[in-house]
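Every number in this text was worked out from the coordinates using simple rules, so none of it is lab data. Since this is a predicted model, take the numbers as computed values, not measurements. Positions of Cβ are generated from backbone atoms using ideal geometry, with glycine treated the same way; all protein chains shown enter the neighbour counts.
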Amino acid sequence: MDGEVLKVEKLNAYFNDFHAVKDVDLSVNYHEVVALIGPSGCGKSTFIRCLNRLHEEVPGARCTGNVWLDGQNIYGKGVDPVVVRRNVGMVFQKPNPFPGLSIFDNVAVGLRLAGVTKKSVLSEAVEEALRKSALWTEVKDKLKKPGTGLSGGQQQRLCIARALAVKPPVILMDEPTSALDPISTAKIEELIVELKNDVTVVIVTHNMQQASRISGRTAFFLLGELIEYGKTSKIFTKPQNLKTEQYITGRFG
Amino acid sequence: MASKLNLKVTSFTDRKRKLKSQLIIGVLLFLALLACFPFLFISAYVISKGIGSLDWAFFTQLPKGPGETGGGMANAILGSGTMVLMCCLLGIPWGMAAGIYLSEYGEGKTARILRFATDLLTSVPSIVVGIFIYGLIVIYFGFSAHAGATALAVIMLPIVARSTEEILKLIPNHIREAGLALGIPRWKVILRILVPGCVGALVTGVMLAIARVAGETAPLLFTALGNQFFADSLSQPTASLPVQIYNFAKSGFPDLERQAWAGALILVLFVFVINFGTRAFIYYKKS
Ligand SMILES: Nc1ncnc2c1ncn2[C@@H]1O[C@H](COP(=O)(O)OP(=O)(O)OP(=O)(O)O)[C@@H](O)[C@H]1O
Ligand SMILES: [Mg+2]
């Protein structure tokens, strides 16, 4: 498929009176990896949490604007945030497998609670998701062990598998490797590049090498505004905006 | 190169400081041991007084009249068991629901008021709970196991509610968000992801609440009353261990007093078993 999977129009996000994301327009194509960069506190997390309607779960938080997912406005009338989130997965900064659930159950839980009960369907989906997240060989003999017993990097790949298992067309990742060692990081980056065939990835990162290694386009945020958005190679070599250039060359932020 | 630092205790002030610290540790240890003493004393005393009267008849027979020998507390054991079980059926779901509400939806003013009310309820003397159920149920329907179990459930309710709330609050928020982000409705995130993740702790809280209500006497005096015999139904006055212990202990007949000790021993054992069982359960869950 071609064209835009996500189209954000005039998105504004607030925490009570605090205006965290200001008038952002941005679109993402199918099978694209888009990186969001910018100094700490500039609203990257808040922005992507508006893309799966998670932002509104924070007490006092709200947002305005439109987000078109495959042509439908997720903020349209009658849209159920639960259904939106089934189509827009998310991986968090800290690996957060569900405590008390086994590795298998961690991956299966999304499908199971969406009504899938057939064992064969579940185990097939779990295996597929674990293979895609490059974890299968490491855990295939201990699927019944608790997910929290894995190493940090394995836990994060487990969380990716958990998100993949429900087969969302879009996955959001908020600094998924910032708590990991270089080897785990490399594994996850490799994984993201491979995932491109199946899903669209929007990833927040503080690591500019990471952004240039894996993303097709990069968006630079500053103080809640989208300053510049374009081809990653261009953003990192010939940025149009002075602020982008200053950030990239490490002169502030 | 010889070090100029002296790391060994040599001077008088150093020695004094060390002595003082050892003295304080000694005092603390002594007081801590002293705190265990009532527990050890009660256990030893109850065991020594009660073990002699514990026989098969104690568990299977009804009490004999004053002056007669033999007999047991079967009615009280059965009555206590029934009422504690009924209390659990009512109090555990009720208390857990309240605790879940307080933890997961407990932001606004309503929740603050509810939380305060729960705390107040915890500190209401249990005899007052008994009088309350007396006025609410017993006046209309008479003394019964139903009334007794309801009184116990009211005592259990705030304990279970607050322990459930505290345990759920320990789960970091990003776990809830991970569930929501998977497209799982909030109530399912709570019941199918958060609760299974802390089952061990929740069970502990519930067990301790059961141990607490099992020994309650005052509320049962006003609600289940007591019974020399087995109750025919749940709507009749029902015997319970604490009330029967109380009655026998003040009866003045040595044989009944001996049985009261045996009853006390059973009650203490029950509480022990619950506590040990809980610990064993946690240990099992961990490994
Ligand atoms: N729950 C909250 N309540 C109030 N303000 C918040 C909340 N979360 C974030 N903010 C504020 O919103 C702004 C944007 O925060 P956000 O977490 O989106 O930044 P970020 O770009 O993801 O930063 P980082 O790179 O450090 O993760 C910050 O100024 C932050 O202080
Ligand atoms: Mg962030």
- Once the convex hull of the C-alpha atoms of the range A:84-158 is built, how many Å³ does it hold per residue, rounded to a whole number? 96 Å³
- So the compactness index of the range A:1-143, its C-alpha Rg divided by 2.2 N^0.38 Å, takes the value 1.21
- Whole-number D in µm² s⁻¹ for the range B:14-53, Kirkwood Cα-pair radius fed into Stokes-Einstein, 4 °C, 1.567 mPa s: 104 µm²/s
- Message: Just to be sure I understand: of the beta bridges DSSP finds with both ends in chain A, what percent are antiparallel, rounded to 5?
- Response: 60 percent
- Task: Would you mind finding the longest exposed-site-free stretch of chain A, with exposed trypsin sites (Lys or Arg not before Pro) meaning DSSP loop and at most 14 other Cβ atoms within 10 Å?
- Result: A:145-250
- Query: Roughly what would the spin-label model give for A:Glu9 and B:Val268, points 7 Å off Cα along C-beta, in nm?
  - Reply: 7.7 nm
- Query: What angle do you read, to the nearest 10 degrees and between 0 and 90, between the alpha-carbon axis of helix A:119-132 and the longest principal axis of chain A?
  - Reply: 50 degrees
- Item | Distant-in-sequence amide H partners of A:Leu222 (H built 1.01 Å from N, under 5 Å) | A:Ile227
- Nearest 10 degrees, 0 to 90: helix A:182-195 Cα axis against chain A principal axis: 90 degrees
- For chain B, just say rounded, prolate or oblate: build the C-alpha gyration tensor, square-root its eigenvalues into a ≥ b ≥ c, call rounded for a/c under 1.5, and beyond that prolate if a/b exceeds b/c, oblate if not. oblate
- Item | Among the listed pairs A:Lys145/B:Lys286; A:Lys77/B:Lys169; A:Lys7/B:Lys188, those beyond 23 Å (Cα-Cα) | A:Lys77/B:Lys169; A:Lys7/B:Lys188
- Note on the structure: When chain B is treated as a Gaussian network with springs between alpha carbons less than 10 Å apart, the largest mean-square fluctuation among B:Pro242, B:Pro158, B:Pro38 is found at B:Pro38
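Indicate the gyration tensor shape class of the protein assembly as shown (rounded, prolate or oblate), computed on the Cα atoms with a ≥ b ≥ c the square roots of the eigenvalues: a/c under 1.5 is rounded; otherwise a/b larger than b/c is prolate and the rest oblate.
Numbers: a/c = 2.70, a/b = 1.93, b/c = 1.40.
It is prolate, given that a/c is not under 1.5 and a/b is the larger ratio.
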- Message: Test of understanding: given chain B, find the longest segment containing no chymotrypsin sites (Phe, Trp or Tyr not before Pro) that are in a DSSP loop and have at most 15 other Cβ atoms within 10 Å.
- Response: B:106-228
- Pick out, from B:Gln236, B:Ala209, B:Pro219, the residue whose Cα sits farthest towards the positive end of the charge dipole of chain B, with +1 on the Cβ of Lys and Arg and -1 on the Cβ of Asp and Glu. B:Ala209
- Task: Calculate the length of the line joining the C-alpha centroid of the range B:66-83 to that of the range A:53-80, in whole Å.
- Result: 65 Å
- Under 15 Å from the Cβ of A:Gly230, count the other residues' Cβ atoms, weight Lys and Arg +1, Asp and Glu -1, and hand me the total. +1
- Taking every other residue with Cβ under 13 Å from the Cβ of A:Gly65 and scoring Lys and Arg +1, Asp and Glu -1, one gets +1
- Message: For a quick check, take a GNM of chain B with Cα springs below 10 Å and name the residue from B:Leu157, B:Leu191, B:Leu33 with the largest mean-square fluctuation.
- Response: B:Leu33
- Putting +1 on Lys and Arg Cβ atoms and -1 on Asp and Glu Cβ atoms, find which of B:Leu34, B:Val195, B:Thr13 reaches farthest to the positive end of the dipole of the protein assembly as shown. B:Thr13
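For the protein assembly as shown, give the magnitude of the charge dipole about the Cα centre (Cβ charges: +1 Lys/Arg, -1 Asp/Glu; no others), in debye to the nearest 20.
Numbers: 56 positive and 40 negative charges, 302 e Å.
The calculation lands at about 1460 debye.
For an R0 of 25 angstrom, estimate the FRET efficiency from the Cβ-Cβ distance between B:Ser48 and B:Arg279 and round to the nearest 0.05. Please report the intermediate quantities before stating the final value.
Working: r = 25 Å, r/R0 = 1.01.
Computed FRET efficiency for B:Ser48 and B:Arg279: 0.50.
In debye, nearest 20, what is the charge dipole magnitude of chain A about its Cα centre with +1 on Lys and Arg Cβ and -1 on Asp and Glu Cβ, if you could check? Could you put the intermediate results ahead of the total?
Values: 32 positive and 27 negative charges, 78 e Å.
The calculation lands at about 380 debye.
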- Query: Which listed residue (A:Ser215, B:Gly135, B:Val84) has the Cα farthest towards the positive end of the charge dipole for the protein assembly as shown, taking +1 on Lys and Arg C-beta and -1 on Asp and Glu C-beta about the Cα centre?
  - Reply: A:Ser215
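Tally the DSSP beta bridges in the protein assembly as shown and give the antiparallel ones as a percent, rounded to 5. Could the numbers behind the result be given before it?
Numbers: 26 of 43 bridges.
Taking every DSSP beta bridge with both residues in the protein assembly as shown, the antiparallel ones total about 60 percent.
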- Message: Tell me the angle of helix B:199-214 to the major Cα principal axis of chain B, expressed in degrees between 0 and 90 and rounded to the nearest ten.
- Response: 50 degrees
- Task: Round to a whole angstrom and tell me the spacing of the C-alpha centers of the range B:1-55 and the range A:136-184.
- Result: 48 Å
- Message: Rounded to whole Å, give me the distance from the Cα center of the range B:206-224 to that of the range B:111-187.
- Response: 15 Å
- Query: Radius of gyration and Dmax for the range B:134-287's Cα atoms, expressed in Å?
  - Reply: 20.4, 68
- Once the Cα gyration tensor of the range B:216-266 is diagonalised, what are the square roots of 5 times its eigenvalues, in whole Å and ordered largest first, as equivalent ellipsoid semi-axes? 20, 11, 9
- Item | Pairwise label distance in nanometres, B:Phe37 with A:Ser123, each label 7 Å out on the Cα-Cβ vector | 6.3 nm
- Calculated diffusion of the range B:127-177, Stokes-Einstein form, Kirkwood radius summed over Cα pairs, 25 °C and 0.890 mPa s, µm²/s: 190 µm²/s
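Size of the dipole of chain B about the Cα centre, Lys and Arg at +1 and Asp and Glu at -1 on the beta carbon, nothing else charged, in debye to 20? Please report the intermediate quantities before stating the final value.
On the way: 24 positive and 13 negative charges, 362 e Å.
That gives a dipole near 1740 debye.
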- Item | Long pairs among B:Lys49/B:Lys250; A:Lys94/A:Lys119; A:Lys10/A:Lys167; A:Lys196/A:Lys234, criterion Cα-Cα beyond 24 Å | A:Lys94/A:Lys119; A:Lys10/A:Lys167
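Return the Rg/Rh value of the range A:141-186, two decimal places, where both radii are evaluated on C-alpha atoms and Rh is the Kirkwood radius. Don't skip to the answer; put the middle values down first.
On the way: Rg = 11.6 Å, Rh = 11.7 Å.
With Rh from the inverse mean 1/r over Cα pairs, Rg/Rh is 0.99.
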